[in-house]
Amino acid sequence: MEEVLACYVGRLAPSPTGALHLGNVRTFLIAYLRARSLGGKVIFRMEDLDHPRDKPGAAAEAREDLRWLGFDWDEYYVQSERKHIYREALAQLPVYPCVCTRRDVERAQSAPHEGDQLYYPGICRGRFASWAEAAKAAGPLRMPCWRFRVEEGTRVEFDDVFAGHYSQDVSVVLGDFPLARDEAGAGYTLAAVVDDLLMGVTEVVRGDDLLPATPAQILVARALKGSVPAYCHVPLVVGPDGRRLAKRHGDTRIGHYRASGVKPEEIIGFLASSCGWCPRGESVAIKELVENFRLDSIPHEPFSCSIQSSNILGG
Ligand code: GLU
């Protein structure tokens, strides 16, 4: 038994697209404690390949915020330093360049789509012999993307550790999905899958907004002949209006609490209480939670967070 537990490898994979807030941190707390409670390893991976959306300084700030909150990790990676690895993986995949704009793809929808993912009917399949040819057709203002060719009837099923059984016919829901907007393959979907395989991640714990994107990721992992990790998708934090926690709900950035004199244990205690690990209003350090951690006390509904920035975390 112990040997099995010692093999658990989990990861924290922030994108530096904005400051860390209560929503991200609750998911990271679950991911971190899940790994530590099983005697496993925690990998920190900065997913900084989304250049137009990445914010300067956000990566360093996220790292510092997490350390301040009491997180630690055993290995540290930055995706922008690993682009050569994604290029090699891309060469093994059934991909083709596509020059369709979002509007082209939106116009091609025949049914409502799941989440913000769009169905792609393969308009550019077989159209270009190379990326260079596609880039020329796209013109100087647009970039092509690589799409993964999904054969008809490609249904992916898996048992999510938290969300339960999930099944999706990727050829119907997504069609040929985008893999990367970069010639060499340095883009979120490909990079995340390649890194999970190479880093030996055994279980991916993350927000359930990514559940509908998971079957596509499993297809990529299988095409790379990798050992597909288990998935554990947990509910997001939402504001009183039921929408994903964001600026409009007040300032819940960790840096804001930190500057206002809130203690890390108050933030961790608040989030831990939302997961059923301690009473509301208790201050607790991350390390003290390792023993109390359980997945089955986490509510299956999104955590509705109504605190205002002025009335910080008080019970
Ligand atoms: N970097 C992604 C995000 O912050 C998470 C990706 C993942 O966990 O697979 O949304």
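The values are calculated or read from the model by the stated rules, or taken from the named source; none is laboratory data. A quick note: this is a predicted structure, and the numbers were derived from the prediction, not measured. All Cβ positions, glycine included, derive from the backbone under ideal geometry; neighbour counts span all protein chains shown. All accessible areas refer to the heavy atoms of the entire protein, side chains included, with ligands and DNA or RNA removed. Shrake-Rupley method; radii C 1.70, N 1.55, O 1.52, S 1.80 Å.
Some points to look at:
- Protection proxy ranking of 88-100, 131-143, 172-184 - average other beta-carbon atoms within 10 Å, highest first: 172-184, 88-100, 131-143
- Column: log10 I(q)/I(0), Debye, Cα scatterers of the chain, q = 0.07, 0.11, 0.12 Å⁻¹: -0.30, -0.73, -0.86
- Listed by chain and number, the lysines whose alpha-carbon sits under 26 Å from that of residue 83, ignoring those within fewer than 8 places in the same chain, are 41, 55, 136, 225.
- Note on segment 86-201: antiparallel DSSP beta bridges, both residues inside, total approximately 90 percent of the bridges counted.
- Partners of residue 263 within straight-line reach, counting lysines whose Cα lies under 20 Å from its Cα and excluding those fewer than 8 residues away in the same chain: 287.
- Where both bridge residues fall in the chain, DSSP classifies roughly 45% of the beta bridges as antiparallel.
- Of the beta bridges in segment 165-312, as assigned by DSSP with both residues counted there, near 10 percent are antiparallel.
- Take the Kirkwood radius over Cα pairs of segment 200-315, plug it into Stokes-Einstein at 4 °C and 1.567 mPa s, and you get 80 µm²/s for translational diffusion.
- Base-10 log of normalised Debye intensity for segment 135-230 (one unit scatterer per alpha-carbon) at q = 0.10, 0.14 Å⁻¹: -0.29, -0.55
- Cα-Cα separations in segment 10-57 greater than 13 Å, expressed as whole percent: 59
- Between residue 83 and residue 258, the FRET efficiency from the beta-carbon distance, with R0 = 45 Å, is close to 0.85.
- Charge context of residue 154, other residues only, Cβ under 13 angstrom, K/R +1, D/E -1: -2
- Remark: segment 236-290 is approximated by an ellipsoid whose semi-axes, taken from the C-alpha gyration tensor as √(5λ), come to 21, 16, 8 Å, largest first.
- Percent of C-alpha pairs per 10 Å bin in segment 45-151, short distances first: 11, 30, 31, 19, 8, 0.
- Rolling a 1.4 Å probe over the protein heavy atoms of segment 232-274, with every protein chain left in place, gives an accessible area that is 49 percent carbon and sulfur.
- Kirkwood hydrodynamic radius of segment 1-98, from the reciprocal of the average inverse Cα-Cα distance over all distinct pairs: 15.1 Å.
- Debye-sum result for segment 154-194 in log10 I(q)/I(0), which assumes one identical scatterer on each alpha carbon, at q = 0.17, 0.23 Å⁻¹: -0.63, -0.87
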